[in-house]
Each structure stands twice: as structure tokens, then as C-alpha cells.
């Protein structure tokens, strides 16, 4: 009989080598030999979650919780499984608990923030984004999250714009940041500043946008500036998206 730790190590190596089904099969064999091995159940659930087999992952992770405390990664996978099974209150409680851990590793932050947003807890998503941004003022994703969730929480646009402007300064070539800043300026009625931001978006980039609202508003803005080329690109892209719906 193989030690559960050895079975898990073998499964991890198979999974990271690109053989998830072989990894799962190795864990199934391990569970046949030691059905009360919590670490095998947890890894089985985490890999099933990674494979988007959420129902199987949920069952395995719930079994693991009866046998041993889950790791942070296991807790995050379980919270996401609850979210996807419409157990939103349970998922929200788990995401909130993870978000407020003082020893939370940075690698888990993006998934926790996304999970909080998915269950509608924008205030806690904002709280966690702010915490990371304060720890690392150059962390673009945390700053963007701070601005984005401030907007979702109803903060005045004038308070959000300076943060988003700083994000664009840190990552000037990131399209979604520039689009977000342009839209914030338009929302605030600052059309001149909006144009200064979005005129730096190339026609090729405009043709990749998937937000029809943004495209129509940018088209109107470009029309007021006599920028017919960009206006046409926005309208063509918006109409193409409408036809795809």
C-alpha cells in the first residue's frame, strides 16, 4: 500500500506535466487503498476543480473537510464550487473569511477578489484590493481593482479617476485600463480629458473591443472631434457585436 503523501506527489507531478486524467486515476487508486486519506480527497477535488468538473470537485472537497482541515488552495476551490452550485451565501462567507486572513499569500488574492465580486460582495473586494495596493503601490492589478470596485460601490467618479489615471500611467499600453479611464472621464462629463485618453487607442485596438456601450460612446466622442476614422471603426465594431448577439 502506497503512502498517501507519495500518491499525492505522483499525482501532482502528472498534473503539472499535462496529464490531469492520469493524475486523477492515480488518486482514485489511492482512495481505494486508503479511503479516509483527507489529503488525497482534497487534491482530487482541487484537480477536478481545475478541470472544471465542479460537481465532482465539490463532493471530493466536502469529503476532505470531514477528514482534515483544507489548505488555502482547497478552501478557495471549495468556495468557488459553492458559488457555481448557487450556494452563494456559503461561498460568500468562505471568500470573506479568506480575504480577511492576515497571512493570505498574494498568489490567492486575484481569485478571491474575483470570487467576492461574483457573489456581489464589492465592498470586501474593494477592501482586499486596497490592502494589497497599500502594501505595494506599484501593483497595477490591485490599484485597478481599487478603482473598479470603488466605482461598483458607488463612489463619486471624481474620486475614482485619479486612481485609474495612475493605473494608466503605470501600464500605458494596457487597453482595458485606458478604456476604463476614458469611460470614467465621459461619465464625469470631462469630454476633453476623455479624448486625450482614448485618442491614444489605435484603430486596430478599437476593433477588438467587446463593450458596445463603450464603442458607441467613443464613436460620439470621436464625432465631436472630427475623428471620422476612429468613429467609423467604433461603429463597425459595435454593429458586428450586435449581429453576433
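Please determine whether any residue of segment 103-111 is surrounded by fewer than 18 Cβ atoms within 10 Å (Cβ to Cβ), farther than 19 Å from residue 187 by Cα and more than 19 Å from the chain's Cα centre (by Cα). Give the steps one after another, and end with the answer.
The initial filter retains those residues of segment 103-111 that are surrounded by fewer than 18 Cβ atoms within 10 Å (Cβ to Cβ), namely 103-108, 110-111.
Cutting the leftovers down to farther than 19 Å from residue 187 by Cα gives us 103-108, 110-111.
Right, trim to more than 19 Å from the chain's Cα centre (by Cα) and you get 103.
Yes, there is a match, as at least one residue in segment 103-111 is surrounded by fewer than 18 Cβ atoms within 10 Å (Cβ to Cβ), farther than 19 Å from residue 187 by Cα and more than 19 Å from the chain's Cα centre (by Cα).
Would you be able to tell me the number of residues in segment 193-224 that are outside any helix (DSSP H, G or I) and over 15 Å from residue 148 (Cβ atoms)? I'd like the intermediate steps shown before the answer.
First, the residues of segment 193-224 that are outside any helix (DSSP H, G or I): 199-202, 207-211.
Going one step further and asking which of them are over 15 Å from residue 148 (Cβ atoms), we end up with 199-202, 207-210.
Matching residues across segment 193-224 total 8.
Scan segment 226-235 and tell me whether some residue there is surrounded by fewer than 20 Cβ atoms within 10 Å (Cβ to Cβ) and assigned to a loop (DSSP other than H, G, I, E, B).
Yes, that holds for at least one residue.
Does any residue of segment 23-42 turn out to be within 17 Å of residue 73 (Cβ to Cβ) and loosely packed, with under 14 Cβ neighbours inside 10 Å?
no
When you go through 67, 104 one by one, which is the residue that is out of contact with any strand residue (DSSP E or B) (no Cβ under 8 Å at 6 or more places or on another chain) and at pLDDT 95 or above? It would help to see each step written out before you state the result.
Working: 104 fails: at pLDDT 95 or above.
Selected residue: 67, the only one of 67, 104 that is out of contact with any strand residue (DSSP E or B) (no Cβ under 8 Å at 6 or more places or on another chain) and at pLDDT 95 or above.
This table checks each residue for (1) surrounded by 13 or more Cβ atoms within 10 Å (Cβ to Cβ); (2) over 30 Å from residue 97 (Cα atoms); (3) modelled with pLDDT of 95 or more.
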site	(1), (2), (3)
121	yes, no, yes
124	yes, no, yes
128	yes, no, yes
135	no, no, no
147	yes, no, yes
160	yes, no, yes
186	yes, yes, yes
207	yes, yes, yes
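Return a yes/no flag: does segment 77-88 have any residue that is under 16 Å from the mean Cα position of the chain (by Cα), at pLDDT 95 or above and exposed (fewer than 15 other Cβ atoms within 10 Å of the Cβ).
No - not one qualifying residue is present in segment 77-88.
The values are calculated or read from the model by the stated rules, or taken from the named source; none is laboratory data. Bear in mind the structure is a predicted one, so any value in this text is a computation, not a measurement. Please note: Cβ atoms are built from the backbone with ideal geometry, for glycine as well, and neighbour counts cover all protein chains shown.
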